[in-house]
There are 2 protein chains.
Amino acid sequence: MTLSQFEIQDIDQTVLLWLDHLRIKTLIAMQQQLEVDTKHDVRDLVTNVDKDNERMINAKIRAFDSEASIVSEEGFGDQQRDMNGNVWFVDPIDGTMNFVKERANFAIMIALYVDNKPVLGWILDVVNNVVYHGGPQLGVFANHLRLDNPVNDTLSDGIVLLSGARLLYGMFGYDKIAKSALGYRVIGAAGPSFIRVILGQAVGYSSKMMPWDFAAGQVLAKTLGLSVSDIDGQPLNMLSSNIVLVATNRAHRDILTLHQS
Amino acid sequence: MTLSQFEIQDIDQTVLLWLDHLRIKTLIAMQQQLEVDTKHDVRDLVTNVDKDNERMINAKIRAFDSEASIVSEEGFGDQQRDMNGNVWFVDPIDGTMNFVKERANFAIMIALYVDNKPVLGWILDVVNNVVYHGGPQLGVFANHLRLDNPVNDTLSDGIVLLSGARLLYGMFGYDKIAKSALGYRVIGAAGPSFIRVILGQAVGYSSKMMPWDFAAGQVLAKTLGLSVSDIDGQPLNMLSSNIVLVATNRAHRDILTLHQS
């Protein structure tokens, strides 16, 4: 099934309305005591807001697109085995540690893929009240402002964003990447990191991620002419974890070369 | 010489007016092509804005406080040998790489010490239009809002901020600190890092810094009950580089213990 430009704009505007509501809901929840639990380890946090947001988003998707599948972080989605038809990706709070400790630098992310093709992505920066949204048919917008493709800088002329834990434990050759870049930063969340690459503040970002962490970012980044792959240069598997690399074309090539050396 | 509460408030308000002007001047300069040079190495950047801002700030200080000494980054200050009398510290653009590449996450910082005692500090977050200012006689404010002391969390319950380059090259035991914390982040600039500790978003921050990097942050952090020392627990030398550690009292103890082990 191919969606028309009008249908895609309608979906975009519909989800933007959901995100308006979610933002207010999240800000109100932040004024109350958060219920914080851990998942796989003490650094893998989940809160009542993660769960409540996911329940609300998934219910909106089910009501709006009843045939669709949902791949979401906190267990209220489907056990998805293929990318046929409409598949939605939901990260109800991306960067939960930042959400809990910094009260900033987190995001709400949603993406729509149709028959495995990226169609629309939304990354809401809750605190700054900016939603980055769009896709190949629309372009990419920060709220209502259209974004240009970022400058195609090399790794040695730019800042690269890396997963702090993986760098610290010597994984994925991140130390070589960090040493080759002009500088590196650790943000601690996927959405805010994708935003920086999309805005040209960083030339690249790499971390091990689950599909809800990278689905929206991939739509927006590819639309803006950035390269998105796994760290070996292969397309991302949308139904499992990947060592994701998003970068300018030149920095992408620099990083793949480093990784293979 | 001891300043009265009224005199200190007058100095605070005077510098806030300078910073209003500097902010506009900096934003206008960012709309034009920056002239970027390197200093000691390719990662040590300086721009026309660093130099212009420092010239302007130092001229304002000389006109306002003609007897004072100035310790500033870009060479327009004095060759200061002691902390007698009024000593001003000026960082005209803190986080120049962020300024150039991210166009965010940098600051303008000014501090006043009298006879080696911290009196006032200002950290201006230019992009977000928030100036963190105050001192022991006034308290600390984010613009007009008084800040509370941050919660006294431990290292293992909080996010720690570290110098990326020093962590990457295995210096100062930063890997142990990062592994013991709940998480770590790399921001790439002193002012924005001090702000996060002051706001309680991080439990601590450590980097090797020059006096203009830490003078303002030290005033604000100490006023808010945080611990500031070098990485061995000794008072900072205000006229040379230090491996600075600012942290909650509990995280400060945790980090000193780790560093000595």
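A few comments on the model shown:
- Only listed residue being open to solvent by less than 10 Å² (accessible area, probe 1.4 Å), under 21 Å from A:Ile243 (Cα atoms) and either within 12 Å of another protein chain (Cβ to nearest Cβ) or at pLDDT below 95 (or both), chosen from A:Gly170, A:Gly158, A:Gly217, A:Gly121: A:Gly158
- Selection over the range B:8-39 of residues that are free of Cβ contacts under 8 Å to residues at least 12 places away in the same chain and either open to solvent by less than 80 Å² (accessible area, probe 1.4 Å) or assigned to a strand (DSSP E or B) (or both) gives a count of 4.
- Residue match in the range A:125-141 (condition: within 12 Å of another protein chain (Cβ to nearest Cβ) and under 28 Å from A:Trp88 (Cβ atoms)): yes
- Residue in the range A:41-49 that is in the same structural domain as A:Asp10 (by TED's automatic domain parsing) and over 27 Å from A:Arg166 (Cβ atoms) present: yes
- Residue match in the range B:227-234 (condition: more than 19 Å from the chain's Cα centre (by Cα) and open to solvent by 10 Å² or more (accessible area, probe 1.4 Å)): yes
- Lone qualifier among B:Ala59, B:Ala104, B:Ala63, B:Ala111 - being in a strand (DSSP E or B) and at pLDDT 95 or above: B:Ala111
- Just one of the listed residues (A:Gly188, A:Gly200, A:Gly164) is facing chain B (nearest Cβ under 10 Å), closer than 20 Å to A:Asp44 by Cα and open to solvent by 30 Å² or more (accessible area, probe 1.4 Å), and it is A:Gly188.
- Subset of the range B:123-164 [farther than 24 Å from B:Leu22 by Cβ and within 18 Å of the chain's Cα centre (by Cα)]: B:Pro136, B:Asn149, B:Pro150, B:Val160, B:Leu161, B:Leu162, B:Ser163, B:Gly164
- A:Asp115 vs. criteria surrounded by fewer than 19 Cβ atoms within 10 Å (Cβ to Cβ), away from chain B (no Cβ under 14 Å) and touching a Ser or Thr at 6+ places or on another chain (Cβ under 6 Å): no
- Flag for A:Asp78 being over 19 Å from A:Gly164 (Cβ atoms), more than 14 Å from every other protein chain (Cβ to nearest Cβ), open to solvent by 30 Å² or more (accessible area, probe 1.4 Å) and touching a residue at least 24 places away in the same chain (Cβ under 8 Å): no
- Subset of the range B:173-185 (residues that are touching a Phe, Trp or Tyr at 6+ places or on another chain (Cβ under 8 Å) and either part of a loop (DSSP other than H, G, I, E, B) or at the interface with chain A (Cβ under 8 Å from one of its Cβ atoms) (or both)): B:Ala178
- Filtered by the rule that a residue be at positive phi and touching a helix residue (DSSP H, G or I) at 6+ places or on another chain (Cβ under 9 Å), the range B:159-182 gives B:Phe172, B:Gly173.
- Enumeration of residues in the range A:130-153 that are aromatic (Phe, Trp, Tyr) and in contact (Cβ under 8 Å) with a residue 60 or more places away in the chain: A:Tyr132
- The single condition among (1) more than 10 Å from chain A (Cβ to nearest Cβ); (2) assigned to a helix (DSSP H, G or I); (3) within 24 Å of A:Ser163 (Cβ to Cβ) that B:Phe194 does not satisfy is (3).
- In the range A:92-110, of all residues being more than 10 Å from chain B (Cβ to nearest Cβ) and small (Gly, Ala, Ser), the one that is nearest to the chain's Cα centre (by Cα) corresponds to A:Ala107.
- Flag for B:Ser240 being assigned to a loop (DSSP other than H, G, I, E, B) and either open to solvent by less than 50 Å² (accessible area, probe 1.4 Å) or out of contact with any helix residue (DSSP H, G or I) (no Cβ under 6 Å at 6 or more places or on another chain) (or both): yes
The values are calculated or read from the model by the stated rules, or taken from the named source; none is laboratory data. Computed from a predicted structure; not experimentally measured. Positions of Cβ are backbone-derived with ideal geometry, glycine not excepted, and every protein chain shown enters the neighbour counts. Note: accessible area is taken over every heavy atom of the protein model, side chains too, but ligands, DNA and RNA are not part of it. Shrake-Rupley method; radii C 1.70, N 1.55, O 1.52, S 1.80 Å.
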